[in-house]
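What follows is calculated from the coordinates using simple rules that are stated; it is not laboratory data. No experiment lies behind these values; they were computed from the predicted model shown. Because the Cβ atoms are built from the backbone with ideal geometry, glycine has one as well, and the counts that use them run over all protein chains shown.
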Amino acid sequence: MQLFRPGANTIAMLVIAAIGATPVLAVGLSYQLMRSPYATDQNVTRNQPVPFSHEHHVSGLGLDCRYCHTSVEKARFAGMPPTETCMTCHSQIWTNARMLAPVRESLAKGQPIAWTRVHRLPDYVYFDHSVHVAKGVGCTTCHGEVGQMRLMRQAAPLTMQWCLDCHRNPAPHLRPTEAVFDPNWHAPKDQAEAGARLAATYHIHTDHLTDCTICHR
Amino acid sequence: MTIRRLLCLMMLPAALGGCGDHSMTQQNRYGTFTKAALFRDGTEAQVPPKGAIAQGELDRARQVATPPPVDMALLARGRERFGIYCSPCHGLSGHGDGMIVQRGFPAPPSFHSSRLRAADARHFFDVITNGYGAMYSYAARVEPRDRWAIIAYIRALQQSQRTDMTEVPQLRSKLP
């Protein structure tokens, strides 16, 4: 009597192979998931108390980032504009817009506007804006096309891999000092040479830039 | 049997102790500008108590009192700061026709009017520090040294709009 059909051997081999491959695939899949935009909150727009548009204020009006994010050159923290900063203009224009009611209320009550954070590194990571800005890493390199964003979103994954990719070889991303805040900067054709030259003038040494203690202090 | 059950029960607290988030993602400290239950106004950003003197305050007072010497570096700094904080309203050349004015903000006076050409530097300094009419104060965003730098650059702008061709003869050949 024949218990097994002729194909049984193949099926058995496949099952054994599947048992072997499952853990490998599972690890691979979870690794992919971990770094997927879904897990890193990439490109998620958040509801804000006021629908503040960078597209409008940066591209439309040509405002410099530092008009509002004042401490970005001097400190770890880029700085969020206090209500007075909005009021330097909105005390005179769009004074009755319903959209801006929370801004007026905030000024009247002396209560800061509670913006929802878009970027958030874990507390065990140390990040500093001033050093990046001083060494020619532009805002849009990390924050994407801010000038096209109606609502702010996180353009980069902000994973450790992402930080390290640049820390190993920053030259392709470096800009001249005067272009750091330019929301429309694009790498010139000779970026390969220009970047290397800039890395030298900024005195960037990559030998210690991937040490754990640079970012985990 | 009961002993084994007891042992299992004793393991439970140890196992539960391992639960919770130990990843240090959220550490027990306040971040910049975060909510902070510890303070009455509920925010981490506290104003210094009355009478406290902030670090660097004396140095800042000195910068207010004495303008720095004008050199190319100061002018370059002034040009950059003017571009960030003043040009949206006053325009890149100081005629008072910036982008925000084009969108309906009251027009400021031109820096090239005879009154503002004659005004002394301290008046400009006071306008930046305290604001003026519809213009808000920029003291929180422009350091005293940068205020002097901006004023030096405004002087250069004023000069640029009434240069006599005889003063720079080499320019003539470059004009169309």
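Here are the numbers for this structure:
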| quantity | calculated |
| --- | --- |
| Integer Hz, Karplus 6.51/-1.76/1.60 couplings in order for the range B:65-74, x for Gly and Pro | 6, 10, x, x, x, 7, 9, 4, 5, 5 |
| 5 angstrom amide H check on B:THR43, placed H, neighbours 5+ away | B:ALA36 |
| Residues in the range A:158-181 that a label on B:GLN27 would reach, taking backbone N under 18 Å of a point 7 Å out along Cα→Cβ | A:160 |
| Percent RCO, i.e. relative contact order, over the range B:70-164, from Cα pairs under 8 Å lying at least 6 residues apart | 34 |
| Sorted peptide list for A:89-99, A:60-70, criterion being average Cβ within 10 angstrom, highest first | A:60-70, A:89-99 |
| Choice from B:ASP120, B:ASP41, B:ASP97 showing the highest fluctuation, given a GNM over chain B with Cα pairs closer than 10 Å | B:ASP41 |
| About the Cα centre, charge dipole magnitude for the protein assembly as shown (Lys/Arg +1, Asp/Glu -1 at Cβ), debye | 620 |
| Peptide A:61-72 - average C-beta neighbours from other chains (10 Å radius) | 4 |
| Distance in nm between pseudo-label sites at A:THR206 and B:SER113 (7 Å out along the Cβ direction from Cα) | 5.6 |
| Principal-axis tilt of helix A:8-34 within chain A, Cα atoms, nearest 10 degrees | 10 |
| For the range A:202-217, Karplus couplings with θ = phi - 60° (6.51, -1.76, 1.60), whole Hz, Gly/Pro x | 7, 6, 8, 10, 8, 4, 10, 6, 10, 4, 4, 6, 5, 10, 10, 9 |
| Distance from the range A:174-213 to the range B:111-135 (C-alpha centre basis), Å | 39 |
| Nearest 10 degrees, 0 to 90: helix B:2-17 Cα axis against chain B principal axis | 10 |
| Degrees between helix B:144-160 axis and first principal axis of chain B (Cα, 0 to 90, nearest 10) | 30 |
| Charge dipole (debye, nearest 20) of the range B:70-164; +1 at Cβ of Lys and Arg, -1 at Cβ of Asp and Glu | 40 |
| Chain B, dipole about Cα centre (Lys/Arg Cβ +1, Asp/Glu Cβ -1), debye to the nearest 20 | 240 |
| Residues with amide H under 5 Å from that of A:PHE77, placed H, sequence gap 5 or more | A:HIS129 |
| For chain A: relative contact order, % (alpha-carbon pairs under 8 angstrom, 6 or more apart) | 24 |
| Förster radius 56 Å - calculated FRET efficiency between A:VAL24 and B:ARG62, Cβ distance, rounded to 0.05 | 0.25 |
| Signed unit charges on C-beta, dipole axis of chain B, positive-most listed residue B:PRO67, B:ALA54, B:ASN28 | B:ASN28 |
| Pairs from A:LYS135/A:LYS189; A:LYS135/B:LYS50; A:LYS135/B:LYS174 whose Cα-Cα separation, in the structure shown, is over 32 Å | A:LYS135/B:LYS50; A:LYS135/B:LYS174 |
| Three-way shape label, chain B, alpha-carbon gyration tensor, a/c 1.5 | prolate |
| For residues of B:80-88, the mean tally of beta carbons on other chains within 10 Å | 4 |
| Vicinal HN-Hα couplings computed from phi for the range A:55-62 (Karplus, 6.51 cos²θ - 1.76 cosθ + 1.60; Hz; Gly/Pro x) | 4, 5, 7, 8, 7, x, 9, x |
| Evaluated at q = 0.06 Å⁻¹: base-10 log I(q)/I(0), Debye formula over Cα of the protein assembly as shown | -0.38 |
| Exposure proxy ranking, count of Cβ atoms within 10 Å, fewest first, for B:GLU80, B:GLU57 | B:GLU57, B:GLU80 |
| Charge dipole of chain A about the Cα centre (unit charges at C-beta), most positive-ward option of A:CYS86, A:GLY147, A:PRO49 | A:PRO49 |
